[in-house]
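These notes concern the structure reproduced below.
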Amino acid sequence: MKRLFASLALFAVVSVSATAAPMPNFVAATGSGVNHGYNGDNLFMTGGGVAAFDCSGDGQPDMYLAGGASPSSLFINRSKTGGELKFSPVDDSPMTLDNVTGAYPLDIDGDGITDLAVLRIGENVLFRGLGDCKFERANEAWKFDGGDGWTVAFSATWEQGRDWPTLAIGNFMDRETIIMDYGDCDASWLFRHNPGTGYQNPMALQPGHCTNSMLFSDWNRDGFADLRVSNDQEFYRRGSEQLFSLGPRGAVPMQAEDGWRTVNIWGMGIASNDITGDGYPDYYLTNMAANRFEVLAEGATGPSYEDRAGDFNIAVAKPFTGGDIDPSTAWHTEFADVNNDGLSDLLVVKGNVVTTSANAKADPNNLLIQTADGGFVEAAKVAGVLSFRVGRGGALVDLNADGALDLVVSNRNDSSEIWRNTAANTGNWLKLQLKQPGGNTRAVGAWVEVRTGNHTQRREVTVGGGHAGGQWGALHFGLGDAKQARIRVQWPFGGWSDWHDVTANTITSITRKNPKTMASRSRGAKGERP
């Protein structure tokens, strides 16, 4: 099924026009109250992440923006439902730090309150959420060594039998070896929590290849997440993209004998989604020049992927407008349904590294809308989000609780940009909150199916990926014209829930019951798929 779908897309995208899919409409939120940029010299050529999460408890996402050489900032969402986007900065937050490259929200201690992993050039810091957007430093309490690296990547997963998440910290270059902007790649680190000793004694993820993004994902649906790592070949020179198998011995890099195919790119960001509809995650990898869309190879028994970006019209190797013909430089990326038609769209944030002469200077972000035949069309200009600033981080997130995803982009040495989605030409939607007992309160690692008629959407719940920033909260699904949907959940290390019938344009919560009685799977076993 997957191969047929992709083959049809190969022939379809050539003739697709922007009128084949409903186009969203955005307006610039120039009065949002967010006056913030990601600033600094060459040490801050990477990073610039955006973290979106509801720390106030009012159901609307707040934001934490990396500042680089300038202070980072937490912004509280003051928007009215469906109205203009309004934020106010928190002046006395302990998370207002310098040298911040990014941040990822998650519930680390399992108390149901969102915490934040803050990435820095220097010591990384875990902050414990106290409620009402109050936070306290938790490195000492949780026995977490923040190190002194150049950190821009993060991911987290919950392993079977553990109430605290396993954390992956991705480091770029070893600053002590840098000469004329080049140096050796630093090792990254895996932190496992142990009762009584916390996150002490991390394991090195070696070899390090100048990491820019990481993502724990269950690529073969065996119930266990492995760690995909995207690296920058400009610096590693002798390395490649990596996939670490997570097991009792820690994280072991997969080799050719495991089926892993060597790929060398200027890796910046990772996005995952089941675009091909076969029940497995596909991966979009941002790059300098052509980006990659990795789909499991025909007949693969291991992690062997083929690049199908050209087939789906999402390589976007050069600027689509503005007149610059040099190759693009892409950073943050994520899949999300911005027009609520039930098909995932794709954001690619772009910007030159440090005025690199061989790459485009006028390099607008891409907003790629998926069409019914499987291809994608460029919509940034027609949707009203065309920008020639130097982008780094980003987020597609519903900031005013109207069911339409808004857009945030963090820019280097320039102000961040926010656009409000007016939802004038979009479909119905659904927001889903997952809950379960134990430390993994939001069921990270679960798979969700949403069915409307003959159409099925599948989503893996993950923490990580993108570039230097992520989101934490309800899952958003577009439903098109459907007034109702059916939902089921495959819980972490367990079986499927019953089907739930839900009404469109609502927030639905599904809670896992009796997790100890649900079936468990063995590492390496063939996963249960739709």
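For the stretch 69-83, what does the Karplus curve 6.51 cos²θ - 1.76 cosθ + 1.60, with θ = phi - 60°, yield as ³J(HN,Hα) per residue in whole Hz, taken in order and with x for Gly and Pro?
So the Karplus estimates, Gly and Pro as x, are 5, 8, x, 6, 8, 9, 10, 8, 6, 10, 5, 8, 3, x, x Hz.
Going toward the positive end of the dipole of the stretch 363-486, with +1 on Lys and Arg Cβ and -1 on Asp and Glu Cβ, which of Gly478, Ala379, Asn366 do you reach last?
The Cα lying farthest towards the positive end belongs to Gly478.
Over the stretch 343-387, calculate the relative contact order: mean separation of alpha carbon pairs under 8 Å at least 6 apart, over the residue count, as a percent.
35
Scan (1) 171; (2) 131; (3) 218 for the value of volume of the Cα convex hull per residue in Å³ calculated from this model and give just the label.
Only one listed value fits the structure, namely (2).
Ignoring GluC sites (Glu not before Pro) that are buried or in helix or strand per DSSP, and keeping those with at most 10 other beta carbon atoms within 10 Å, what is the longest stretch of the chain between them?
Answer from the scan: 299-530.
Residue by residue through the stretch 108-121, which ³J(HN,Hα) values in whole Hz follow from phi under the Karplus form 6.51 cos²θ - 1.76 cosθ + 1.60 (θ = phi - 60°), with glycine and proline marked x?
6, 8, x, 9, x, 10, 5, 9, 9, 9, 9, 9, 9, 8
Order Tyr199, Tyr280, most accessible first, counting only protein heavy atoms with a 1.4 angstrom probe.
Result of the area sort, largest leading: Tyr280, Tyr199.
Decide, for the stretch 209-353, between rounded, prolate and oblate: order the square roots of the alpha carbon gyration tensor eigenvalues as a ≥ b ≥ c, take rounded if a/c falls under 1.5, and otherwise choose prolate if a/b is larger than b/c, else oblate.
Verdict is oblate for the stretch 209-353.
Test of understanding: what is the full-extension gain from Tyr182 to Gln200, defined as 0.36 nm times their sequence separation minus their Cα-Cα distance?
Using 0.36 nm per residue and subtracting the Cα-Cα distance, I get 3.4 nm.
Based on DSSP, what percent of beta bridges with both residues in the chain are antiparallel, to the nearest 5?
If we restrict to bridges inside the chain, about 90 percent are antiparallel.
I want to check the label-to-label distance for Arg249 and Gln484. Put each point 7 Å from Cα in the C-beta direction and report it in nm to one decimal.
Output for this residue pair reads 5.3 nm.
Using Cα pairs under 8 angstrom and six or more residues apart, how large is the relative contact order of the chain, in percent?
18
Extension gain Ala317-Thr456, at 0.36 nm per residue separation less the Cα-Cα distance, in nm?
Taking Ala317 through Thr456 to full extension adds about 47.0 nm, to one decimal.
Sort the stretch 95-144 into rounded, prolate or oblate with this rule: let a ≥ b ≥ c be the square roots of the eigenvalues of the Cα gyration tensor; rounded if a/c is under 1.5, and if a/c is not under 1.5, prolate when a/b is larger than b/c, oblate otherwise.
Prolate.
Give the long-range amide H neighbours of Gln200: residues separated by 5 or more places, or on another chain, with amide H under 5 Å away, using H modelled in the peptide plane at 1.01 Å from N.
Here the answer is Asn194, since their amide H atoms fall under 5 Å of that of Gln200.
Looking at the stretch 371-405, which trypsin sites (Lys or Arg not before Pro) are in a loop (DSSP not H, G, I, E or B) and have at most 14 other Cβ atoms within 10 Å?
Lys381
Once both labels are modelled 7 Å past Cα along the beta-carbon direction, what's the Arg175-Ser304 spacing in nm?
4.3
Considering only protein heavy atoms and a 1.4 Å probe, what is the carbon-and-sulfur percentage of the accessible area of the stretch 185-327?
Percent of accessible area from carbon and sulfur atoms in the stretch 185-327: 47.
Not counting ligands, DNA or RNA, and with a 1.4 Å probe, what is Asp414's accessible surface area in Å² rounded to the nearest 10?
60
Show me, for the stretch 200-211, the HN-Hα J-couplings you get by feeding each phi into the Karplus relation (A = 6.51, B = -1.76, C = 1.60, θ = phi - 60°), rounded to Hz, glycine and proline as x.
Along the stretch 200-211, the couplings run 5, 6, x, 9, 6, 8, 10, x, x, 10, 6, 7 Hz.
Taking a probe of 1.4 Å, how large is the accessible area per residue of the stretch 226-357, in Å²?
33
Extension gain His500-Ala28, at 0.36 nm per residue separation less the Cα-Cα distance, in nm?
Length gained, His500 through Ala28: 166.2 nm.
So for the stretch 298-371, averaging the separation of alpha carbon pairs under 8 Å that are six or more residues apart and normalising by length, what relative contact order in percent results?
28
Per-residue ellipticity at 222 nm for the chain, helices alone: DSSP H runs ≥ 4 residues times -39500 (n - 2.57), over residue total, nearest 500 deg cm²/dmol?
Dividing the helical sum by the residues of the chain leaves -500 deg cm²/dmol.
The values are calculated or read from the model by the stated rules, or taken from the named source; none is laboratory data. Here the structure is a predicted model, which is why all the values come from computation and not from measurement. Ideal geometry is used to build each Cβ from the backbone, glycine not excepted, and the neighbour counts take in all protein chains shown. What goes into the accessible areas is simple: the full protein's heavy atoms, side chains included, and nothing from ligands, DNA or RNA. Shrake-Rupley method; radii C 1.70, N 1.55, O 1.52, S 1.80 Å.
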